[in-house]
Amino acid sequence: MAFRASTSSSSSTTILFAQKPNWVSSDIHNPIINLTFLKSTRPFRLNHSLFVRALKMDGSAIRASVEAKVSAISDDEALRVKEWEVGMFQEEVAASQGIRIRRRPPTVQPQHYMGPLEFRSQDEGDTPRNILEEIVWTKDIEVSQMKERKPLVELKNELEKAPPVRDFVGALKSSYEQTGLPGLIAEVKKASPSRGILREDFDPVEIAKSYEKGGAACLSVLTDEKYFQGSFENLELIRNSGVKCPLLCKEFVIDAWQIYNARVKGADGILLIAAVLPDLDIKYMINICKLVGLTALVEVHDEREMDRVLGIDGVELIGINNRNLETFEVDIGNTRNLLQGERGEMIRQKGIIVVGESGLFSPADISYVQDAGVRAVLVGESIVKQKDPAKGISGLFGKDISL
Ligand SMILES: O=C(O)c1ccccc1NCC(=O)[C@H](O)[C@H](O)COP(=O)(O)O
């Protein structure tokens, strides 16, 4: 329904909406809306009783206008509104690149509030659409809390005490050259949203040592606590245990702060997920990675993400995830599909190393993705579940790959 403004607004006056209002704050005691007038958009606080009346009018009949009482908001509130608008802009940019994952919940009416059906059904509410979105929303809260505890300036000061960086890409290349098989990034993974607990007797250092003994070129260490039961403590323990393999910090990165943190904790590489990050974020984060010496493993799952990432300069490692992180469906044919034709050609021309990720269980799986063009694989479940993970690696490759 379109509305026309017929009066201007000032403090506590009755106005007619020019367009459907945009909800900025869903706080029932403090509802703030952006009202678009004929020429401009301005935030106002809505008088609650009239708000309900206006909504009923809106929902119950097709009318040319609705009425509400509004009052001007404070400078502080205006600043929050600005921040909200910038957030909305970022979401729009992400959506234009086909990114379905929203960075944080949209601002909506609280569940207990008897608001207008129309507005409720347009906003899907604060329910994430899938597990990846839920993880990202949780991460957004976690990261802002971590940043409050340790601001970036403080974190940067700790960089000089970080252990020296190891050559992640070099380790994968030399493993491929020596074995003729994809270099293995073996994942230290206790649990996952799709499979639950993978290993009850989980000793991260013991598993890491066994992987290294079994011929892994690099290790991937999950640091997410809530969904994977991983931790930065595990990363640090492994780093300080004498294990020499370069370490990938397997995280859901949404903020550059996490990249600095990973390096400070001893990581040599970090995962950047194209389904979560718009192009500009990926470019910016790759630059930060270079600055601190980390290798970025940029992960894609479909053609669109692959094309976006191939358009970004400076990418040296692309992971093709065979698992759809929104539905958990696993199909190793995905690796082959994304490496066919022009895409595969471009990857070869650019000298990018492709990592086949997820759902690899047998020598046949390894041959399949190798034939498709991968030079490295990232494997968790099939090897972490084995009593002796080193033997799990020989089983996966069909031979002993330790040198
Ligand atoms: O593994 C999951 O269930 C999962 C769910 C949501 C987001 C990410 C998820 N996994 C991350 C990975 O991609 C895998 O840990 C990694 O590729 C190893 O996969 P696998 O060998 O199948 O354990």
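The values are calculated or read from the model by the stated rules, or taken from the named source; none is laboratory data. Computed from a prediction, not measured in an experiment: that's the story for all the values here. Note that we place each Cβ from the backbone using ideal geometry, even for glycine, and neighbour counts take in every protein chain shown. In case anyone asks, the SASA skips ligands and DNA or RNA and just uses the protein heavy atoms, side chains included. Shrake-Rupley method; radii C 1.70, N 1.55, O 1.52, S 1.80 Å.
Given the criterion out of contact with any Ser or Thr (no Cβ under 6 Å at 6 or more places or on another chain), within 16 Å of the ligand (Cβ to nearest atom), open to solvent by 20 Å² or more (accessible area, probe 1.4 Å) and of a type in the set (D, E, K, R), identify the matching residue among E142, E158, E154, E177.
The match here is E142.
Hey, can you tell me all the residues within the range 350-364 that are open to solvent by less than 30 Å² (accessible area, probe 1.4 Å) and within 14 Å of the ligand (Cβ to nearest atom)?
Residues satisfying the conditions are V354, V355, G356, E357, S358, G359, L360.
Contact list please: Cβ distance under 6 Å, first residue in the range 187-206 and among the small types (G, A, S), second residue open to solvent by 30 Å² or more (accessible area, probe 1.4 Å) and within 15 Å of the ligand (Cβ to nearest atom), pairs at least six apart or on different chains.
Every condition considered, the pairs that remain are A191/I197; A191/Q229; S194/F328.
Name the pairs whose Cβ atoms lie under 6 Å apart, with the first residue in the range 381-403 and in the same structural domain as Q229 (by TED's automatic domain parsing) and open to solvent by 20 Å² or more (accessible area, probe 1.4 Å), the second within 14 Å of the ligand (Cβ to nearest atom) and among the small types (G, A, S), and 6 or more positions between them or separate chains?
Q386/G392
Any residue in the range 262-290 that's at positive phi: show its pairings with residues that are open to solvent by less than 10 Å² (accessible area, probe 1.4 Å) at Cβ separation under 9 Å, as long as the two are six or more apart or on different chains.
G266/L235; G266/I238; G266/L247; G266/C249
Please verify whether S367 is under 29 Å from G266 (Cβ atoms), open to solvent by 20 Å² or more (accessible area, probe 1.4 Å) and over 26 Å from the mean Cα position of the chain (by Cα), treating the condition exactly as stated.
no
For the range 128-164, enumerate the residues that are part of a helix (DSSP H, G or I), touching a residue at least 60 places away in the same chain (Cβ under 8 Å) and farther than 30 Å from T327 by Cα.
Scanning the range 128-164 gives K147, L152, L155, K156, L159, K161.
Would you point out which residue out of N334, N261, N324 is within 16 Å of the ligand (Cβ to nearest atom) and crowded, with 24+ Cβ neighbours inside 10 Å?
N334
Run down E233, E225 and say which single residue is within 16 Å of the ligand (Cβ to nearest atom), open to solvent by 10 Å² or more (accessible area, probe 1.4 Å) and of a type in the set (D, E).
Answer to the check: E225.
If you scan the range 236-250, which residues turn out to be under 16 Å from the mean Cα position of the chain (by Cα) and open to solvent by 10 Å² or more (accessible area, probe 1.4 Å)? First the steps, then the outcome.
Residues of the range 236-250 that are under 16 Å from the mean Cα position of the chain (by Cα), as a first pass: 248-250.
The one that is under 16 Å from the mean Cα position of the chain (by Cα) and open to solvent by 10 Å² or more (accessible area, probe 1.4 Å): K250.
State yes or no: is I185 assigned by TED's automatic domain parsing to the domain that holds G373, in a strand (DSSP E or B) and crowded, with 24+ Cβ neighbours inside 10 Å? Give the steps one after another, and end with the answer.
Numbers: assigned by TED's automatic domain parsing to the domain that holds G373: yes; in a strand (DSSP E or B): yes; crowded, with 24+ Cβ neighbours inside 10 Å: yes.
Answer is yes for this residue.
May I ask you to list the residues in the range 377-403 that are of a type in the set (A, V, I, L, M) and more than 12 Å from the ligand (Cβ to nearest atom)? Walk me through it before giving the result.
Initially, the range 377-403 is screened for residues of a type in the set (A, V, I, L, M), giving 377-379, 383-384, 390, 393, 396, 401, 403.
Passing the criteria: A390, I393, I401, L403.
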